[in-house]
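Engineer: Okay, here's the structure, questions in a sec.
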Amino acid sequence: MAELELKSTSNSTRRTIRSARHAIVSGETSAVALADSYYDTIAAEDPKIHAWLALSRERATAQAHRIDDLAKAGDLAKAGDLAKSGDLANAEALPLAGVPIGIKDVLVMQGAPATAGSKILENYRPPYDATAVAKLAAAGAVLLGKLNCDEFAMGSSNENSAYGPVHNPRSLDRVPGGSSGGSAAAVAANMAVATLGTDTGGSIRQPASFCGVVGLLPTYGRVSRYGLIAFASSLDRVGPFTHTVEDAAILLGILAGPDPMDATSSGAAVPDYAAALGTPVKGLRIGIPDEYFGEGLDPEVRAAVEKTADALRAAGCTLNKVSLPHTRYAVATYYVLATAEASSNLARFDGVRYGLRADDAASLSGMYRKTRDQGFGKEVKRRILLGTYVLSAGYYDAYYRKAQQVRTLLTRDFLDAFTQVDAILTPTAPTPAFRLGEKTDDPLAMYLADIYTVTANLAGICGISVPCGNSKEGLPIGAQILGKHFDEATVLRVANAVEQAHRGGQAQR
């Protein structure tokens with residue numbers, strides 16, 4: 001197994017958000033030096049991994065200089081002192097001061113390309129930041145650049161990128177998962193403290209599982225989608241990849257909240273997620289659904305998740321069987337609804353307004369056809385065709401309407417289950433990371449890699465993948481914790497207990 005060995009650059013020690021910020025506030029390093037060390041690691045390691053599509057060094061350096069100026073003036077240290085004294089209301093200025101973060105290339109960012117992993121947007125340079133990106137920048141983050149992904153976020157392996165596949169840092173002959181494979185790999189290889197990804201049917205949680213990092217799926221509406229290049233608008237979410245559950249909680253607190261630019265964003269109150277991690281998990285009821293432990297689940301994955309359940313029981317949680325009876329329809333339902341929405345959303349890429357325009361077309365309709373044929377990859381074309389078919393006259397009721405009805409039943413399954421339990425524990429993926437090229441000729445096998453993750457997107461609930469073990473080959477295994485709508489605090493608490501148990505510590509009591 002070809003495993004990545006990080007070079008002894010100045011960034012070879014993994015940093016969390018708190019440790020990176022503390023290093024700058026304390027004078028251990030500067031924001032500029034820290035950013036440079038991450039760029040050194042990217043230069044040394046990314047040729048093997050191919051996680052990055054573009055680096056925004058000019059913007060990152062300017063951001064880092066701003067942080068260093070504030071540090072020299074004592075403003076960052078003052079915020080740290082306020083936090084220690086308990087004056088949290090005034091200590092939250094620049095909570096990400098100097099923290100190097102990467103952005104998945106389906107989120108627009110001023111001064112960098114936004115290709116969505118597609119040739120059709122190869123030359124697109126957006127003039128604005130996505131809301132999630134703007135919130136990170138406002139919090140003091142240093143934005144390193146844009147990360148590779150499956151084209152238009154359509155894939156489970158990051159092999160559908162028009163710019164080449166990403167390799168898993170834990171085993172270079174394996175996929176990192178998809179579609180946010182670059183975002184997961186960058187964190188796993190210490191090429192960023194944290195990254196942003198998106199999740200339409202598992203595209204944060206499955207790569208997190210495959211790469212051995214934490215990946216958080218917020219409730220639909222919790223984080224603004226403004227500036228996200230849409231795949232399926234009723235399913236897409238924006239969320240973080242991190243080394244630790246605490247870092248995921250910190251980032252969610254920054255990203256969450258209403259946005260006037262996104263009518264689907266929620267005005268629900270945003271709690272202090274990081275502070276909630278200190279609440280004991282003792283007494284929480286954890287649901288175990290039989291439907292997620294059946295045929296097709298790798299025995300090593302099953303054993304790791306069952307060990308996780310035992311750790312939660314030891315931490316004082318109660319384990320209860322729950323039933324999600326419509327789970328068997330989830331993959332089919334997802335690939336009807338997601339492709340239908342993709343067919344509609346991707347109609348805007350026509351060669352007229354932005355991106356690629358095919359030459360030598362004899363007519364306007366000919367230009368449309370040539371542009372889309374040249375610009376879209378094989379998987380994107382497949383999903384556009386499927387979506388157009390299920391929306392077409394004569395098939396709409398049989399497929400699209402029926403899928404919406406089943407989606408309602410899936411959502412009711414979760415609502416019923418959450419009257420009995422506080423959170424649900426499942427595997428994140430049925431297997432550890434598979435080999436590059438192993439499933440590329442079998443779309444159905446690839447789609448089934450999402451079997452445990454698509455349900456949360458269909459139901460709109462929140463979830464997280466947290467490392468819970470390794471296979472005999474040393475490949476990471478992730479446990480998925482699912483929670484009620486807007487109850488990310490409980491999901492994070494349970495994930496924190498799992499993380500402590502997996503790392504050899506005592507789960508919180």
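Engineer: Name the single residue that is surrounded by the fewest Cβ atoms within 10 Å (Cβ to Cβ) among those in region 121-152 being aromatic (Phe, Trp, Tyr) and assigned to a loop (DSSP other than H, G, I, E, B).
Structural biologist: The first filter runs over region 121-152 and keeps only residues aromatic (Phe, Trp, Tyr), leaving 124, 128, 152.
Subset that is assigned to a loop (DSSP other than H, G, I, E, B): 124, 128.
Details: 124: 17, 128: 13.
This residue is 128.
Engineer: I need the full set of residues from region 279-299 which are surrounded by 17 or more Cβ atoms within 10 Å (Cβ to Cβ) and either polar (S, T, N, Q) or assigned to a helix (DSSP H, G or I) (or both), in order please.
Structural biologist: Answer for region 279-299, where residues must be surrounded by 17 or more Cβ atoms within 10 Å (Cβ to Cβ) and either polar (S, T, N, Q) or assigned to a helix (DSSP H, G or I) (or both): 291, 292.
Engineer: Also: In region 369-383, what residues are crowded, with 18+ Cβ neighbours inside 10 Å and either free of Cβ contacts under 8 Å to residues at least 40 places away in the same chain or within 13 Å of residue 335 (Cβ to Cβ) (or both)? First the steps, then the outcome.
Structural biologist: Going residue by residue through region 369-383, those that are crowded, with 18+ Cβ neighbours inside 10 Å are 370-372, 375-377, 379-380, 383.
Passing the criteria: 370, 379, 383.
Engineer: So, residue 305, is that one within 24 Å of the chain's Cα centre (by Cα), more than 19 Å from residue 444 (Cα to Cα), surrounded by 15 or more Cβ atoms within 10 Å (Cβ to Cβ) and not small (Gly, Ala, Ser) or not?
Structural biologist: Numbers: within 24 Å of the chain's Cα centre (by Cα): yes; more than 19 Å from residue 444 (Cα to Cα): yes; surrounded by 15 or more Cβ atoms within 10 Å (Cβ to Cβ): yes; not small (Gly, Ala, Ser): yes.
Criteria met by residue 305.
Engineer: Output the qualifying pairs, or none if there are none: Cβ atoms under 9 angstrom, residues six or more apart or on different chains, first residue in region 136-161 and without any contact (Cβ under 8 Å) to a residue 60 or more places away in the chain and closer than 10 Å to residue 182 by Cα, second residue buried (at least 24 other Cβ atoms within 10 Å of the Cβ) and of a type in the set (Lys, Arg).
Structural biologist: What qualifies is 149/104.
Engineer: Which of the numbered conditions does residue 396 fail, given that it passes all the others? Conditions: (1) under 30 Å from residue 287 (Cβ atoms); (2) free of Cβ contacts under 8 Å to residues at least 24 places away in the same chain; (3) of a type in the set (Phe, Trp, Tyr).
Structural biologist: Status for residue 396: all satisfied but (1).
Engineer: Looking at (1) more than 17 Å from the chain's Cα centre (by Cα); (2) under 19 Å from residue 290 (Cα atoms); (3) in a strand (DSSP E or B), which is the only condition residue 420 fails?
Structural biologist: It fails just one condition, (3).
Engineer: Only one residue in 429, 449 is more than 26 Å from residue 257 (Cβ to Cβ), under 17 Å from the mean Cα position of the chain (by Cα) and not in a helix (DSSP H, G or I). Which one?
Structural biologist: Working: 449 fails: not in a helix (DSSP H, G or I).
From the options 429, 449, the qualifying one is 429.
Engineer: Would you check if there is a residue in region 113-132 being under 14 Å from the mean Cα position of the chain (by Cα) and touching a residue at least 60 places away in the same chain (Cβ under 8 Å)?
Structural biologist: Yes; the residues of region 113-132 include at least one that is under 14 Å from the mean Cα position of the chain (by Cα) and touching a residue at least 60 places away in the same chain (Cβ under 8 Å).
Engineer: Hydrophobic (A, V, I, L, M, F, W, C) and crowded, with 20+ Cβ neighbours inside 10 Å, is that true of residue 445?
Structural biologist: On the way: hydrophobic (A, V, I, L, M, F, W, C): yes; crowded, with 20+ Cβ neighbours inside 10 Å: no.
The answer is no for residue 445.
Engineer: Give region 472-489 a look and list any residue that's farther than 18 Å from residue 168 by Cα and buried (at least 24 other Cβ atoms within 10 Å of the Cβ), or say none.
Structural biologist: 479, 480, 481, 482, 483, 488
Engineer: Additional query: Among the residues that make up region 188-197, is at least one of them under 22 Å from residue 422 (Cα atoms), part of a loop (DSSP other than H, G, I, E, B) and in contact with an Asp or Glu (Cβ under 8 Å, 6 or more places away or on another chain)?
Structural biologist: no
Engineer: Given the conditions (1) touching a Leu at 6+ places or on another chain (Cβ under 6 Å); (2) under 30 Å from residue 115 (Cβ atoms), report the number of the one that residue 366 does not fulfil.
Structural biologist: (1) is the only condition that residue 366 fails.
Engineer: What do you reckon, is residue 469 surrounded by fewer than 24 Cβ atoms within 10 Å (Cβ to Cβ), part of a strand (DSSP E or B) and of a type in the set (Gly, Ala, Ser)?
Structural biologist: When the stated conditions are applied, residue 469 passes them.
Engineer: Which residue, of 279, 219, 264, is of a type in the set (S, T, N, Q), without any contact (Cβ under 8 Å) to a residue 60 or more places away in the chain and either touching a Gly at 6+ places or on another chain (Cβ under 7 Å) or farther than 30 Å from residue 173 by Cα (or both)?
Structural biologist: Working: 279 fails: without any contact (Cβ under 8 Å) to a residue 60 or more places away in the chain; 219 fails: without any contact (Cβ under 8 Å) to a residue 60 or more places away in the chain.
Just one listed residue meets the conditions, 264.
Engineer: Name the single residue that is farthest from residue 105 (Cα to Cα) among those in region 236-292 being among the acidic types (Asp, Glu) and within 14 Å of the chain's Cα centre (by Cα). I'd like the intermediate steps shown before the answer.
Structural biologist: Quick first cut of region 236-292, residues among the acidic types (Asp, Glu) only: 236, 246-247, 259, 262, 272, 290-291.
Restricting the remaining residues to those that are within 14 Å of the chain's Cα centre (by Cα) gives 236, 247.
Values: 236: 14, 247: 21 Å.
Among residues in region 236-292 that are among the acidic types (Asp, Glu) and within 14 Å of the chain's Cα centre (by Cα), the one farthest from residue 105 (Cα to Cα) is 247.
Engineer: Being aliphatic (A, V, I, L, M), surrounded by 24 or more Cβ atoms within 10 Å (Cβ to Cβ) and touching a Lys or Arg at 6+ places or on another chain (Cβ under 8 Å) is the filter here; which residues of region 158-187 pass it?
Structural biologist: The answer is 175, and nothing else.
Engineer: I would also like to ask the following. List every residue pair whose Cβ atoms sit under 8 Å apart, with the two residues 6 or more apart in sequence or on different chains, where the first one lies in region 468-483 and is in contact (Cβ under 8 Å) with a residue 40 or more places away in the chain and closer than 14 Å to residue 495 by Cβ and the second, anywhere, is polar (S, T, N, Q) and surrounded by fewer than 19 Cβ atoms within 10 Å (Cβ to Cβ).
Structural biologist: Qualifying pairs under 8 Å: 483/490.
Engineer: Restricting the first residue to region 407-424 and requiring it to be hydroxyl-bearing (Ser, Thr, Tyr), which pairs with a second residue that is assigned to a helix (DSSP H, G or I) and at pLDDT 95 or above meet a Cβ separation below 9 Å and a spacing of at least six or different chains?
Structural biologist: Correct list of pairs: 411/458; 411/459.
Engineer: Quick test for you: out of 342, 347, 338, pick the one residue that is free of Cβ contacts under 8 Å to residues at least 12 places away in the same chain and part of a helix (DSSP H, G or I). Steps first, please.
Structural biologist: Numbers: 342 fails: free of Cβ contacts under 8 Å to residues at least 12 places away in the same chain; 338 fails: free of Cβ contacts under 8 Å to residues at least 12 places away in the same chain.
On inspection, the qualifying residue turns out to be 347.
Engineer: Return yes when residue 155 is modelled with pLDDT of 95 or more, on the phi > 0 side of the Ramachandran plot and surrounded by fewer than 24 Cβ atoms within 10 Å (Cβ to Cβ) and no when it is not.
Structural biologist: No.
Engineer: Hey, another quick one. Here is a check on your reading of the model: is residue 227 surrounded by fewer than 24 Cβ atoms within 10 Å (Cβ to Cβ), more than 10 Å from the chain's Cα centre (by Cα) and touching a residue at least 40 places away in the same chain (Cβ under 8 Å)?
Structural biologist: Considered against the rule, which asks whether it is surrounded by fewer than 24 Cβ atoms within 10 Å (Cβ to Cβ), more than 10 Å from the chain's Cα centre (by Cα) and touching a residue at least 40 places away in the same chain (Cβ under 8 Å), residue 227 comes out as yes.
Engineer: So, one more: What single numbered condition from (1) assigned to a helix (DSSP H, G or I); (2) within 30 Å of residue 350 (Cβ to Cβ) fails to hold for residue 409?
Structural biologist: Failed condition: (2).
The values are calculated or read from the model by the stated rules, or taken from the named source; none is laboratory data. Keep in mind that what you see is a predicted model, and the values were worked out from it rather than measured. A quick note on method: Cβ atoms are made from the backbone with ideal geometry, for glycine too, and the neighbour counts reach across all protein chains shown.
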